[in-house]
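Below: the structure, in structure tokens.
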Amino acid sequence: MARFYRYVLAEDNGSAPCPQDGMLTLATCKPKIRRTARASDLIAAFAASPFPRHMLAYAGRVSEVVGWPEYTNRYAYPKRRDAVYKLHPDRDPERLRPGYHEKNGEMSKDLSAPVLIFDPEETWYFGESPQELPGHLHWCSIGGKGAGSG
């Protein structure tokens, strides 16, 4: 049985999620979701303030869950915006994007969970124009003014 995850998308900078070249991925941020989500699960991210509640930033069905080494070898390099770390076989990971998650522990948190790859046939990404959920689906939303993450 598929599960449903939802959260407030604090910032949409093209990295998490990464909507690029017809493929949506979640490679950084939300490690608890990335650690527990499986293929066929649904994930919805809602726009943060100043957008009102019920504004959907993206939604999709997970098609693959892959570890960071596999993701970087198969998909990420050299051009994806979520290619923010490089994994060296005999060394610590290298940060490829200065300024991205530079606080203590953020890189290890990002790398502590696998990468989610979404099914392009069952994924909707709205970018800077979040869409309001239909009224009968408002029950599943979070976000808007005064909302925290969830």
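The lone criterion from (1) surrounded by fewer than 19 Cβ atoms within 10 Å (Cβ to Cβ); (2) within 14 Å of the chain's Cα centre (by Cα) left unmet by A37 is number (1). Listed conditions (1) of a type in the set (D, E, K, R); (2) modelled with pLDDT of 90 or more; (3) loosely packed, with under 13 Cβ neighbours inside 10 Å are all met by K30, apart from (3).
Among the residues of the range 117-132, are any of a type outside the set (V, I, T) and touching a helix residue (DSSP H, G or I) at 6+ places or on another chain (Cβ under 8 Å)? Scanning the range 117-132, I find no residue that is of a type outside the set (V, I, T) and touching a helix residue (DSSP H, G or I) at 6+ places or on another chain (Cβ under 8 Å), so the answer is no. Among the residues in the range 16-27, are any of a type outside the set (A, V, I, L, M, F, W, C), crowded, with 22+ Cβ neighbours inside 10 Å and assigned to a loop (DSSP other than H, G, I, E, B)? Among the residues of the range 16-27, at least one is of a type outside the set (A, V, I, L, M, F, W, C), crowded, with 22+ Cβ neighbours inside 10 Å and assigned to a loop (DSSP other than H, G, I, E, B), which makes the answer yes.
The values are calculated or read from the model by the stated rules, or taken from the named source; none is laboratory data. Note that the structure is a prediction, hence the values are computed from the model and not measured. A quick note on method: Cβ atoms are made from the backbone with ideal geometry, for glycine too, and the neighbour counts reach across all protein chains shown.
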